[in-house]
Amino acid sequence: MITICLAQFTDGPWVKVTTNVFQKALSFYKSEFKTDVIFGYPKKNYDIIILMGIRAIVKQNLDTNKIRPFCKKLIDMGDSS
């Protein structure tokens, strides 16, 4: 099973829409993916962390050193995601 974290750092409408879409799509594969939605920095380990929003690292000035130790792969969505 692959663990995926959908991490939010703002409450904007785009973040809510994309989070809901990702969560709904991943829910069709419950035997393959376990998905958590969190607000803020992760506190447990995941295989993949997806930063919801558009370029969250740059726009929210996130500290990647607080994120990278908690995942194998980190995805920061861009403008064309």
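The values are calculated or read from the model by the stated rules, or taken from the named source; none is laboratory data. In this text, all values refer to a predicted model and were calculated from it rather than measured experimentally. FYI the Cβ positions are ideal-geometry reconstructions off the backbone, even for glycines, and counts take in every protein chain you see. Just the protein is used for accessible areas: all its heavy atoms, side chains included, with ligands, DNA and RNA removed. Shrake-Rupley method; radii C 1.70, N 1.55, O 1.52, S 1.80 Å.
Can you tell me which residues in the stretch 1-40 are in contact with a Leu (Cβ under 8 Å, 6 or more places away or on another chain) and open to solvent by 40 Å² or more (accessible area, probe 1.4 Å)?
Matches in the stretch 1-40: Phe22, Gln23, Phe33, Val37.
Kindly list the number of the only condition in (1) at pLDDT 95 or above; (2) open to solvent by less than 90 Å² (accessible area, probe 1.4 Å) that fails for Asn45.
(2)
Among the residues of the stretch 11-34, is there at least one that is touching a Ser or Thr at 6+ places or on another chain (Cβ under 8 Å), acidic (Asp, Glu) and modelled with pLDDT of 95 or more?
no
How about the chain: which strands (runs of 3 or more DSSP E) wholly inside it have at least 3 residues that are free of Cβ contacts under 8 Å to residues at least 40 places away in the same chain?
Working: elements: 2-8, 33-39, 46-51, 71-76.
Strands (runs of 3 or more DSSP E) meeting the threshold: 33-39, 71-76.
Can you tell me which residues in the stretch 19-28 are farther than 24 Å from Ile57 by Cα and touching a strand residue (DSSP E or B) at 6+ places or on another chain (Cβ under 9 Å)?
Scanning the stretch 19-28 gives a single hit, Ser27.
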